[in-house]
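Take a look at the structure below.
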Amino acid sequence: MRVVVFTIMYSLITQIVLAQVYSTQDLLRMQFEADESNEAIEFFELEYRTATIDLNRLANSTEYVLPQSIRIDPPNLFHFHHVVTLVGLSGPKENPTISIWLAGNYKYRDATFYFDTNGDRNFNNDGSPIKISKKSIFQLRPDYQRPTISESTKETDKQMTLKRITNGFAIAGSVGIGAGKLEYQYDDLSTGFPVWYEVNYVEKLLTIAISYDTRKLQFGFATTFENDFYYSSHLNVKKGEPFTKVLPDPTQGLPNRTRSVRYDNIVKMTNADTHGTNKILGSVFVAYKIWESKLFDLQPRAAFGSISYLDPQYLRLNSQDNEVYTLKTGIFYEVGVRSEITTGDQSALFLEVVRSANSWKPENFLYDTPHENLTSKSTVLRFKLGYRIALKR
């Protein structure tokens, strides 16, 4: 519960802070180094929404006389998390020269710039885009359509790059713990009464995963090594209907004094069995990214896979040699949510909470016991802490 509350509070605080920052950048003047021979040019940032660039808000905040909108033919921008339009204004206020640039992932440390080099408003016939670090310095050419770039050596350029993992493969490692319960029950036909069993256990986990990330989805496969520790188990065998016995009651100090004692007629056995404790889990998974802020998101996720036992035996009754059963490969599924925080250049720290379930059933279980209505299940709540990094950055 504390983890969920912390996640929600962190998300709300992050949203408030980033909303204040973005509001100041809606019409942010860009600073460039230009040759002395070049005419002054001012660039303004507008959020990119459609191929029709709305200039009304910009016209109201500058002295330039601008059209209401400009229609462009944009490149494929689908793979970017966000895109901005950079509008450059120069020349006379009554009839300015308007230059349009597009920048994908502009608010990240590295951005991809598209330039309209021939001024026809078509960004599909101007050559390849340029990926530019924010530490670069722009030097404008006389036509203002495409800059030359030089690298800055300022101390501020040494700050850590923060960029999401997207459009590529990533590897993740995590450790975790879990708490679960295993139970089964059946009707014993030889007595006509039910038998039921339960045991609580804790688990330790080590997971390695390979994933592919798009802007909104993450999918891949994972391998987990699991070690379990089982607490006291309880096997309850009902032998018949409850009954009452009348017994002497010497504590009262009176002759012929008796008391009635009720018996449930249930045999209760504790720690009568032995479980396999080491497992290998292989799974495929998919997650949907809910973008909460620039550096933080929540990921509802689901997984499906198989469980293989390294010591595949279950000894149901330690006192009986014939009560040994083989634990065959089983199927499990899990659902949960991950909170992920970007910590570097396409690297992230994550905390994951999942609920996992599997239909536990040893091979030929109770083959020598007449029974019916056998049901079994194993459920566990897991917490994982891990780190992800892109394979190609």
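No lab work stands behind these numbers, since they all come straight from the coordinates. Everything quoted here is computed from the prediction, not taken from an experiment. Heads up, the Cβs are rebuilt from the backbone with ideal geometry, glycines too, and the neighbour counts pull from every protein chain shown.
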Checklist entry - Among Y263, H275, Y212, whose Cα sits farthest toward the positive end of the charge dipole of the range 168-390 (+1 at Cβ of Lys/Arg, -1 at Cβ of Asp/Glu, about the Cα centre)? => result Y212
Checklist entry - Say each of V65 and S128 gets a label point 7 Å from the Cα, pointing the same way as Cα to Cβ; how far apart are those two points in nm? => result 4.3 nm
Next on the checklist: Less than 9 Å Cβ to Cβ from F193, Lys/Arg counted +1 and Asp/Glu -1: what total charge do the surrounding residues give?
Outcome noted: -1
Checklist outcome for this item: Protection proxy (average C-beta count within 10 Å per residue), highest first, orders 275-286, 260-271 as 275-286, 260-271
Next on the checklist: Report the Cα centroid-to-centroid distance between the range 314-393 and the range 234-308 in angstrom, as an integer.
Outcome noted: 17 Å
Item to check | the range 165-306, relative contact order in percent, only Cα pairs under 8 angstrom and at least six apart counted | outcome: 21 percent
Checklist outcome for this item: A student applying the Cα gyration tensor rule (rounded when a/c is under 1.5; otherwise prolate if a/b is larger than b/c, oblate if not) would label the range 258-383 prolate
Checklist outcome for this item: If R0 = 22 Å, then I389 and T223, at their Cβ-Cβ distance, give a FRET efficiency to the nearest 0.05 of 0.80
Item to check | Anisotropy class of the range 181-273 from Cα gyration tensor, a/c 1.5 cut | outcome: prolate
Item to check | Long-range HN-HN contacts of T343 with modeled amide H, under 5 Å | outcome: A348, L349
Checklist entry - From the square roots a ≥ b ≥ c of the eigenvalues of the alpha-carbon gyration tensor of the range 168-390, which class results: rounded (a/c under 1.5), prolate (a/b over b/c), or oblate? => result prolate
Item to check | Calculated over the range 81-124: convex hull of Cα atoms, volume per residue (Å³) | outcome: 89 Å³
